[in-house]
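The values are calculated or read from the model by the stated rules, or taken from the named source; none is laboratory data. Since the model is a prediction, treat every value here as computed from it, not as a measurement. Cβ placement follows ideal geometry from the backbone for every residue including glycine, while neighbour counts extend to all protein chains displayed. Protein only, heavy atoms only, side chains kept; ligands, DNA and RNA dropped before computing areas. Shrake-Rupley method; radii C 1.70, N 1.55, O 1.52, S 1.80 Å.
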Amino acid sequence: MKTSYDVVIVGGAVIGSAVAYFLKTNPDFTGSVLVVERDPTYRFASTSLSSSSIRLQFSNPINVRISQFGSAFIKDFARTMQVAGEAPPELNFHQGGYLFLADTGDGVRTLRENHEVQRACGADVVLWGQEELARAFPHLRVKDILLASYGRSGEGWFSNTGLMNGFKAKARALGAEYVADEVVAIGRDGARVTSVTLQSGATVQAGTIVNASGPRAALTARMAGLDVPVEPRKRTLFVFDCAATPEGSAMVNRGRLPLMIDPSGVFCRPEGRFFLSGAPPVEDPAVDWDDFEPRWEEFEDLIWPALATRSPAFEAIKVVNQWAGHYDFNTLDHNLIVGAHPEVGNFIYANGFSGHGLQQGPAAGRECPN
């Protein structure tokens, strides 16, 4: 490790590594890059603990286009991230699509309004009534459903750690340096940040600092005397097995069970021979940065009742694994914050993805160098 770098990135998971990759492939940038990662195992990184999916079904055209870029990038990831002498990083992108269900008039209006935005952006999304929904997915009980929105292509799930490790390996191959350490202080001189001090005792001069520290974004910003409206919010995911796997669907026969989002907010998608599920918590306070205790009760209280109501296949299910991860939750508007601080121009934010960090990582990584 040198004593000075043109860019120091705080956080080396998918966002930090995406920034490092795009910096090193930017023909207008010829400088040095250091990525500081406090936990090189990434055991508790939001990247590693996420449900690792991507959708085009947003209400904001910017978010739709961000995911369109991400989807195309993921499809071509193995070729783009190929490192000489190593196997290409396959992400196993399953384009099962997202299926949003609405059972109220407000829900229907939301799906229709969002659909106009998505179609204007060229997203391959269709609206279905009860008959079309029942024909596509016969295992679902749909008598209460007024409208469904389904992404026919460009949406699905993929390898979370594959995306992170692919970015990291390619960035390192292009010359970015990684160090396992923790930033404990940031030097600042008026309208510029100047350095980072590491837990090991080293001080590294920095031309630019990128805050890619996920749920810890506010801690990093405070070291520079700045602020960002991001806090850790806990989400628990459950993997379950079915006594009777959904059958009889034209989509199922092609391996196209979707990621379904029930009107209750409960989601469910295939995970190999199992299923992955989660739900928005009833109460959603900020949690401690080291609190990864699952909310065990959410499965019995929220998830199982909703899924059993929606499909007979989900009446007899058994949890086989569970874990909790953190959203880097933007309390202002739940959207990503990317770009320079208005008063400290060489301090760059890449934060507040609010559960969309993996799918928005490629676009955010590309934007930060610019």
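When nucleic acids and ligands are ignored and a 1.4 Å probe is applied, Y21 ends up with an accessible area of around 20 Å². Taking amide H as placed 1.01 Å from N in the peptide plane, the amide H of Q322 sits under 5 Å from that of V239, each at least 5 places away or on another chain. Candidates G31, W157, G214 compared by Cα position along the dipole of the chain: farthest toward the positive end lies G31, with charges placed on Cβ.
In terms of packing, defined here as the mean over residues of other Cβ atoms within 10 angstrom, the peptides 229-238, 300-309 line up highest first as 229-238, 300-309. For the pair A180 and W296, the difference between a 0.36 nm per residue extended length and the Cα-Cα distance amounts to 38.5 nm.
Beta bridges per DSSP, both residues in the chain: antiparallel share near 70 percent.
Per 0.36 nm of contour for each residue apart, how much would the distance between K318 and R43 grow if the chain were fully extended, relative to their Cα-Cα spacing? All intermediate terms of the calculation are to be shown ahead of the outcome.
Values: separation 275, 0.36 × 275 = 99.00 nm, distance 2.52 nm.
96.5 nm is the gain from fully extending K318 to R43.
Heavy-atom accessible area, probed at 1.4 angstrom with all protein chains present, ranks R310, R273, R112 as R273, R112, R310, highest first. Over the chain, accessible surface divided per residue gives 43 Å², non-protein components excluded, 1.4 Å probe. Each part reduced to its alpha carbon centroid, the range 308-326 and the range 125-195 end up 22 Å apart. Surface composition of the range 115-221: carbon plus sulfur atoms hold 47% of the accessible area, using a 1.4 angstrom probe and ignoring ligands, DNA and RNA. Note: the chain, Cα convex hull, 140 Å³ per residue.
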